[in-house]
1. When N is the residue count of region 76-165, what does its C-alpha Rg come to as a fraction of 2.2 N^0.38 Å?
2. Quick check: pseudo-label points 7 Å beyond the Cα along Cα→Cβ at Arg131 and Asp77, how many nm apart are they?
3. When the chain is fully extended, how far beyond the present Cα-Cα distance does Thr156 get from Met99, taking 0.36 nm per residue of separation?
4. Give me, ordered by chain and number, the residues 5 or more places off Asn95 or on other chains with an amide H under 5 Å from its own placed amide H.
Amino acid sequence: MKVSKTLVGCIAALAVFVGVSIANGASWTTVAPIHVIFGTDGTDPQPIRTDTQGRQVVVSSTGTNVFVAGVPGTLTDRSSTITAGGVAQSAASSNTSRMYLMCQNIDTVNTEDLWLNPGGTAAANTAGSFRLPSGASVVFEGTFIPTSAISVIAATTGHKYTCKEG
């Protein structure tokens, strides 16, 4: 069996060539793609498997599953309005199971900025807070999703926003 790889530090499809010689002198070769993930140095390729819930995973060196593709699930709606203008409030509690987070400034009447801080108290024009102008959104997915509480603030009471987590 010959395995060829050309990509490092990413998911790759390997071309696996299997040659078989048969006693009467005949032979055949087949090619089958196997999807694996490599470390940044190109060593220790790990096959991508499907777990019991249909998710694509790689088993880490500690024996836990590392997700490499989208994870099916249900979104929990954390959408609301600002209860007191100019005062930070919780949009979502800390959640160590969070695998997706999206928040959007949806207010079309109060077209001011919404400020969001994952892991701290949101404050307008302050380092650590994300500015979401009217219509803008922020999405956390893939390899890093904050599991800490999410804080939001806007200037006007009743300012609408949408947040969904999964």
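1. Values: Rg = 11.8 Å, N = 90, 2.2 N^0.38 = 12.2 Å.
It is 0.97.
2. Label at Arg131, label at Asp77, 3.1 nm between them.
3. Details: separation 57, 0.36 × 57 = 20.52 nm, distance 3.04 nm.
Length gained between Thr156 and Met99: 17.5 nm.
4. Counting only residues 5 or more places away or on other chains, the set is Ser148.
Each value in this text was obtained by applying a stated rule to the coordinates, not by laboratory testing. Keep in mind it's a predicted model, so treat the numbers as computed, not measured. When we count neighbours, we look across all protein chains shown, and the Cβ atoms used for this are built from the backbone with ideal geometry, even at glycine.
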